[in-house]
Structures are given as C-alpha cells and as structure tokens.
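Chemist: The structure is given below, and queries will be raised subsequently.
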Amino acid sequence: MKRTLGIFLFASFLHGCGDRPSAWDAEASLPLQSQGLEGSVAVLDPSLGRVLMLTAPGDGRLASKALPVGKNPIAMKASEDGSALYVLSAGVEPRLREDDELPSLSIIEGDVNPRLRDRFTLTNPVKDLTLDPEGEWVVLHGSSGIVANPNELVLVRADVPHSAPIAKTIRSFGGRPQRISFTPTLTMPAGPSRRFLVVETDYDVSLVDLHEPERDEVTILLPKRADGVSATPVQVIAHDGEPDDPNDARIAIRLAGDPNVVIVELLPPASGEKKAFKASINIADVGGSPSSLAFVRTDGGLRLAALVPSQRHAALVELSTMVVDTVPLAAPYDGLSLVTEALTDAPDTGDVALLWGKQSSTIAFWSLGKASGTPYRSLDAYDIGAPIAAVHDVPGEAHAHRKLLEAPSSSRFYVLDLNARQSFPMLANTTGFRLHVALDGDRAWALREGSPELAKIDLASLHPTSLVLERPASTAWDVRRADGGRSLIALHGTRAAGEPASLAATVLGAEAPDMARSRFYPGLLLGGLE
Amino acid sequence: MRSTLLLVSSLVLAATPAFADVDESEELPLPDLGHELEHDAETEADALPESSPLPSPEVEPEPEPEPAHGEAETAQRAEGRSEAGSGDRAEVEPKTAPLWDASVGLRMAFIASKGFDPFASNNALPQLSLGFGAEVYRREELSIATVGHFGVGGRSATARGDATSLTALSLGVGPELRYHLGESAWLHLRPSFDVTQSRANIDDASSGASLSARTWHIGFDAMAGAAASLGRPGPSTEFWLLAEAGYTWSSASALDLLPDGDEGSPPVHTVGLSLGKLAYRGPAFRVAAAIRF
C-alpha cells in the first residue's frame, strides 16, 4: 500500500512538473512582417518559426492557421499574383545535433485554404530571395556564415515539387551581385527559346541560361569609366525582337551616371560552337545619364527609348545602326511606363508610354507611333499639380486603363484614366498615405501607417469611402473570401512602452466597408498554440 | 453557491434517518439497585424506560423499533448523563463516537489539459480545500460517511507576454467508505461528484483590455486515503490528519474570452479570443487537518 502510494505520488510529481510548451513564453518581435495574398494574409512569427495565415471564411469573419516554416525565418515574399508565398529560414545555428534544422525555403499556397506546398532544404543559410515573375524559379542569394561566398546563387525550381536546388557560383571580377532579375522568353538563334537569369554585380552583368542552368553563364563586361573602373549596371531589360526573326533578341543595360547604354545582341554562334547564341556588344551615347530604359515599338520599328531628365529629352536608339534620335521633352521626366496594352483602343502602330517624374508636376503621353515622322507631335502633356513618385498598375481587365499616381510629398494622389486622358485628384486630409490596389482590380485602399485612418476608392465610380478603425493599423490587405466576396484585413501590430508585442486585426467587407459591421480579433499571436 | 451548500446539507440530513442503526452489542454498566430503591421517586421521572435492560437468559428481548440514529445517540448520551447525575460513579467515562468531521487542507491536482497552459507554467493546480463529513452508517469496522468538499485555488502566468490568471472553485459531494483500524485510524475510499467553476482572464495588449471567460465543468473525483487521530482535546472532539490521492476528471469547456467590460476600453466589436478547451483531468492528492466531533 505504501509502495503504491509512493509510486503514485512520484508519478504525480513528475506529471505536475511537466512544463507547458515553450511557445507560450516566446515573445513576438516587432515590426511584424505581413504579406497579402490572393485569399489570405501571411504574418511572419519568427520567434516560433511559423507563419500565421489569416483567412476570411465569411463576411466579417477571420480564421487563423499556423504553418511551420522552419526555425528563424528571415525573409518572406509573395508572388505578383498573390498565389504563393515564399519563406526563407536560416535554421538552427550553430547546428550541433542531428535534429537541428537546416536552412530551408518553404512555399505556401496563398488561396483561401492556405497550406504548405513544398519545402526545400538548403545546406547553407542565405539572406535574400528573388522571385521569378512566371513562378518557375526562386533564386536564393546573399549567403552568410563564418565564410560566405557572395557570388554563389541557389536556384530552386519552385514549380517542380521536391526538386533539388542548384548551387551555382557566377564568374566574378571582384564584384558581388547587387540585383537579380529574369528576362522574358527569348528566341535563340540556335536551340529552343529560353529565359535568362540576369545577375547585376558591381562591375558586370551575368546571364545564366535557365534552360541549362548548370552551363557556364555569359558574363558581359561593362565599359570602363574615365577613372578606369568598370561602370556599374543599374537597369537591365530584354526584348525578343520581331516574332519571326530568331536573331534579333537584345538586352539593354543602363549604367550608373554614364550617358552610354550597352546593347547586347544575341547573334548566332560561330559554326561548331555548341552554344545557343553569341553575345555581341554595342554602345550608344544617349546624350546624358538616362533615368529609365524601355524597348518601344515606333512607326519606324523597334527602338530603345531612354529618358534623359538632365537634358530634358528622350533618346530613341535604332538597334541596328545605333543611331540616336532625340525628342525634346517639356519637363524633366524620369519615369517611363508602357501603357499600350492597358488602352481600350490601342494604336495599330507604335506603343504609348506614360512619362512622369519627381521633378515635375506634369505627366505626358508619348505616342510612339508618331515619334519618327513628327516627334514633336508625339507628346501630350498634362499638368496634374504634383510630382509623381510612383505609378501603380490596376490588375485585371475591367479597370486596367486606370493608373494610380502616388505623390508622397503631397496630401493627394491621382487616378489616371488612360483612355480619356483624364486625371482625377483624390485629396487626403494629410500626407503620408500609401496606396494598395486590390488584386481583383476593383478597389484601391489608402492607408496612413500607424494611424486608424483608411479610405477605399472604388475604381469604377471613383467614389471614396472614409473609415476610421478603432486601433492604429500598420497595414491592410484586400483578400478574397471563401464565399467569393472580398474582405479587408487591417493589421494592428503594436508594442506600447512596457507592454509585450501583440497583433490584432479588424475585418470588414471590402466591397461595401462599414465599421458598424466590422469585427476586431484580438490576440492573434496566441493562435495555434492551444 | 449558497443554494448548492443548502442542497448538500439537506441531502446529508435527509440521508441520515435511512442509515440509522442501533448498536445492540454495547453493554452498559449495571445499575446500583440499592441506590435506586432509595431515590426511586426522584429518579423514576428521569430514568428513561427501555434504556439498556439486562438481557434475560430465558426470554429474548423483544426487538425494539429502530429509533433514529440521532435518538439512539441521544439515549446513550442521556443515559451517560443520568448515570452521572444519579451520583453513582460510572467510573468508566462513556466513549462517544464522533459523527461529524470538518477539515481544512491543501488539494493539489495535476492538469494536463492544453487549455491550462496559458495560465500556468506547469500542470499543478493548488487549492485550499475545505471538507465536511457526516458518518451516516457504522457497522463494526466499516462506516459510510457523506462528505462534501469545497476548493478554491488558481494559477497565473503569461502568454507570450500577456498576463493571465485562472481561478477554480470546486464543490463536490459523495459517499466515503471507511475501514476503521481501531478508533484511531481508518482507510477510506471516496467517489464524489464535482462541479467546478473557472474564471480565466488575460490582459490582452492588442486590444488594451482585459478579456475573461467563466466556464463550468462537471466531473468526478475518485480518491483513496487514510486518516489518523492526533488526539482528543475534549471528550467529544478529536483532531485528525487526512491524506488521500486519486484522480479527478471533469468535462471540457471552451475558453472563449471576451472583454470584461470593467477594465480597459476594448474596440466595440471585439470578438472572443479562443484559447482552446479546458478540462480538469489528472491525478490529485489532498492533505488536511480535521476535527471530528
């Protein structure tokens, strides 16, 4: 009897001394990273190695689901269409036991039922990731550790489950990668069409063939400046040329503080060479340091357009002869966006470009179908009253002809109708509003971070709806609901003096927002621990 | 709470007559016949008839109707007093069996429910425990008592930095089977029906308000233990020490915490914070000091 009682008491003691999961003691760190997706909002919770996926099952309702993404998540990015979320984790450092996690990349489906799609284990931690706009590749770069190779890239085929990551060290002449981008599909003189990974370093540009990623990359050495140092690339664009010509794909490189533009032709390789192309480099002087490049169709054929705000002109480079035509501009525009596809009645010949800039309160429509013959008639300028720092596209087809022009230094922004060439100012009560366009293209939201003030702009009627949340919001996302409607999820990530970090959300209908029917969900960081 | 106590008390009182019995085996000392003849007139009025007549060897005593247990006890006590009052020295003080006991002690339960985790860093739930029992049946070494107990306790902790607290009030009643090891100790076994009320609270930084939930749990305890006498400070009171261990089980209730209304100013449309389900299930033990009277 005594023995039985003793065993019972000892077992009870052990049972009672059992600790609760350590997650209850993990305090969150601010600021909390969040990302809006097509059907959910992702909130990164680094101290617990998870992502909280917030969804809207119904009007005003919020559901939370925690997905593990590996220890010490450090970076999170969403695809452009909001269909997937990519989370990079550093794993456990230093790794002392077999069960200490290695670095990894997790891919999460971003629809109304978020789930972990795939997870790739890495051998070394990396700090950053670049997403392929077409969703095929993810490039991991910025390796870290006791010894790090900054020129090592890890290419992950994101659309192939459980594919093996490819580690690749690109050729280096002393520089390290600064920017990574992807070309569109380019027709090759030899071999199938393919896309390239463009790696801009301090001194050169490397092209990694995504059709054969293990193959050696092509390194384009840039011209040296007057001081003998190679120029630094700041923008790389590509164009496939004419559809029926496999030999006219080109890549253009803008250099920092240099009037020269590098144009790389992808010509047929020499006979006997087992290569897809041979790179031929040309240089064109556009008359001043350009602020933006774009391949454009004009009435005279394909050209490379370069904006030179310092000279108040735009340069059109003929790609075969490198002859440069200049078009005077009324204002020092430094931004150029091709809007041809967004126009309801697009011209048959020539693109239409929107010019805008931080140094001018005017915008201009550049009709490139008239650029050759009567270039001075190709520009149509409008004074909208404030310099423009950014242009937001409107996704979808219903309102693609509208652009949102953001002027951060002003308390106003503009809705630009490309078809009617009208700009509608939206007046805010103060400065500092950030714009966010819903993925369905029907609404835009203006939020002043750290304040409870929020406004919705209906892109069909341009009717604004002002809202005041009950708590200051750090960000807001417009997501699709499970019942087909749309909800706005505003996040309140706060840390007052002496208080722990916390996260709450306000949910309201996005199509007809009404604070009287909103719901406030507290304590979101405690979700998934029970 | 008050109505529950009244219910328990009435159950105890109602149950008492059903289990009454008279211990006919106990013999009382022989009266002093000479003394009785002298004071016959005085004592006759006081003496109760039928108080422990000597058994006739030839005639079996008629079975008497069973009086209430309390009445038998009273008769015994009265007889003892009458014996004393008659001046006759009943040299052996009558030994009265205490029927009531009250205890106070510590009850510790070990709750493995996940709903307990936000409020405590480990599984232990201590409670101040008050007990009250009434022996309703006794036959030789076995007795049955009706025992009620009341417990109050709780824990507090933090949940990712937010202060939390949980208070548990429990009330239980059940029969206790006792095996007496003489008059100074017993072993017991007790199942009991329990009702527990919890109040959970969290100071939620995200809403700037206190969120709370009140839940009810129905369950049972199964306890076994022992008690030992520590001595008699008086003729009718006795100090005891109790120790018991067992298992407690209760139903699970959802913890949906809502703004308290009294503290902080939460947003108007605050939705409850769900912290899962709480159930009081796990081993438990109790140690208490009791007084029997």
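Taken together, the values in this text are just the output of simple stated rules run on the coordinates, not laboratory data. Remember, it's a predicted structure, so these values are computed and weren't measured experimentally. Cβ coordinates were reconstructed from backbone atoms using ideal geometry, including for glycine residues, and neighbour counts include every protein chain displayed.
Chemist: Which of the three applies to the range A:153-296, rounded, prolate or oblate, going by the alpha-carbon gyration tensor with a ≥ b ≥ c and a/c under 1.5 meaning rounded?
Modeler: Cα axes put the range A:153-296 in the oblate bin.
Chemist: Also: May I have the extent of the alpha carbons of the range A:109-164 along their three principal axes, as whole Å values ordered from largest to smallest?
Modeler: That works out to 41, 20, 19 Å along the principal axes.
Chemist: Additional query: I need the shape label for the range A:397-516. Rule: rounded when a/c is under 1.5, else prolate if a/b > b/c, else oblate, with a, b, c from the alpha carbon gyration tensor.
Modeler: Because a/c hits 1.5 or more and a/b fails to exceed b/c, the range A:397-516 counts as oblate.
Chemist: Based on Cα positions only, what radius of gyration and what Dmax would you give for chain A, in angstroms?
Modeler: So, for chain A, Rg and Dmax equal 26.7, 108 Å respectively.
Chemist: Moving to a separate point now. Per the Cauchy relation, a quarter of the hull surface: what is the mean projected area of the convex hull of the alpha carbons in the range B:143-265, in nm²?
Modeler: Directional mean of the projected Cα hull area for the range B:143-265 stands at 10.2 nm².
Chemist: Let me know the mean shielding of B:196-208 by other chains, meaning the per-residue number of their Cβ atoms within 10 Å of its Cβ.
Modeler: That works out to 5 on average.
Chemist: Around A:Ile363, what is the net charge, scoring Lys/Arg as +1 and Asp/Glu as -1 over all other residues with Cβ under 10 Å from its Cβ?
Modeler: Once all neighbours under 10 Å are counted, the net charge is 0.
Chemist: Hey, another quick one. Suppose every Lys and Arg Cβ carries +1 and every Asp and Glu Cβ carries -1, with no other charges. What dipole size does chain A come out with about its Cα centre, to the nearest 20 debye?
Modeler: 1340 debye
Chemist: What number, in nm² with one decimal, is the all-direction average of the projected area of the convex hull of the alpha-carbon atoms of the range A:296-438?
Modeler: 8.7 nm²
Chemist: Moving on to the next point. Give me the Debye-computed log₁₀ of I(q)/I(0) at q = 0.17 Å⁻¹ for the range A:268-377, equal point scatterers on Cα only, no solvent, two decimals.
Modeler: -0.79
Chemist: Share of Cα-Cα pairs in the range B:135-182 beyond 13 Å, in percent?
Modeler: For the range B:135-182, the share of Cα pairs beyond 13 Å comes to 69 percent.
Chemist: Here's another thing I want to ask about it. Three principal axis extents, largest first, for the C-alpha atoms of the range A:387-436, in Å?
Modeler: 31, 19, 17
Chemist: With a ≥ b ≥ c taken as the square roots of the eigenvalues of the C-alpha gyration tensor of the range A:33-118, please select rounded if a/c is under 1.5 and otherwise prolate if a/b is larger than b/c or oblate if it is not?
Modeler: It comes out prolate by the Cα gyration axes.
Chemist: For every helix of n ≥ 4 consecutive DSSP H residues, a contribution of -39,500 (n - 2.57) applies; sum these over chain A, divide by its total residues, and give [θ] at 222 nm rounded to the nearest 500 deg cm²/dmol.
Modeler: Value at 222 nm, helices only, nearest 500: -1000 deg cm²/dmol.
Chemist: Related question: Using alpha carbon centroids, what distance separates the range B:99-167 and the range A:265-344, in Å?
Modeler: That distance is 82 Å.
Chemist: Please compute the alpha carbon radius of gyration of the range B:113-166, then divide it by the globular-protein estimate 2.2 N^0.38 Å. Two decimals is fine.
Modeler: It is 1.84.
Chemist: How many angstrom lie between the C-alpha centres of the range A:415-484 and the range A:113-154?
Modeler: So the two Cα centres are separated by 33 Å.
Chemist: What is the angle, in °, between the Cα long axis of helix A:2-16 and the longest principal axis of the Cα atoms in chain A? Nearest 10 is fine, range 0 to 90.
Modeler: 30 degrees
Chemist: While we're looking at this one, here's another question. Along the Cα→Cβ direction, 7 angstrom out, place labels at A:Asp483 and A:Asp244. What is the inter-label distance in nm?
Modeler: 5.5 nm
Chemist: Suppose the Debye formula is applied to equal point scatterers at every Cα of the range A:324-404; what is log10 I(q)/I(0) at q = 0.12, 0.20, 0.27 Å⁻¹?
Modeler: -0.35, -0.94, -1.35
Chemist: Please find the FRET efficiency linking B:Phe193 to A:His162, where r is the Cβ-Cβ separation and R0 is fixed at 60 Å, and quote it to the nearest 0.05.
Modeler: Calculated transfer efficiency: 0.60.
Chemist: Separation between the A:Asp380 and A:Thr123 pseudo-spin-labels, each 7 Å from Cα along Cα→Cβ, expressed in nm?
Modeler: 5.8 nm
Chemist: Still on this structure, please answer the following. In nm, give the distance between the simple-model label positions of A:Ser466 and A:Ser320, each being 7 Å from the Cα along the Cα-to-Cβ direction.
Modeler: Between A:Ser466 and A:Ser320, the simple spin-label model gives 6.0 nm.
Chemist: When the scattering of the range A:203-246 is computed by the Debye formula from its Cα atoms alone, each counted once and equally, what is log10 I(q)/I(0) at q = 0.31 Å⁻¹?
Modeler: Result of the Debye calculation: -1.05.
Chemist: List the lysines whose Cα sits under 26 Å from the Cα of A:Lys71, skipping any in the same chain fewer than 8 residues away.
Modeler: Cross-link targets: A:Lys127, A:Lys168, B:Lys114.
Chemist: Follow-up. Can you work out the FRET efficiency for the pair A:Met515 and A:Ser22, with r the C-beta to C-beta distance and R0 = 56 Å, to the nearest 0.05?
Modeler: For A:Met515 and A:Ser22, the calculated efficiency is 0.90.
Chemist: Okay, next question. Average partner chain C-beta neighbours within 10 Å, per residue of A:19-26?
Modeler: If you average over the peptide's residues, the count of other-chain Cβ atoms is 5.
Chemist: Which FRET efficiency value, to the nearest 0.05, is calculated for A:Leu116 and A:Ala226 with the Förster distance at 56 angstrom and r the Cβ-Cβ distance?
Modeler: 0.55
Chemist: Per-residue mean of other chain beta-carbon atoms within 10 angstrom of the beta-carbon, peptide A:515-528?
Modeler: 6
Chemist: Turning to a different aspect of this structure: Counting just the Cα atoms, what span does the range A:84-223 cover along each of its three principal axes? Round to the nearest Å and put the largest first.
Modeler: The principal-axis extents, from largest down, are 48, 39, 21 Å.
Chemist: Next question, about the same structure. Mind checking the full-extension length gain between A:Glu134 and A:Ala398? Use 0.36 nm per residue of separation minus the Cα-Cα distance, one decimal, nm.
Modeler: Extra length available between A:Glu134 and A:Ala398 comes to 92.8 nm.
Chemist: How far, in nm, would the chain grow between A:Phe173 and A:Arg215 when pulled straight, counting 0.36 nm per residue and subtracting the alpha carbon separation?
Modeler: Length gained, A:Phe173 through A:Arg215: 13.2 nm.
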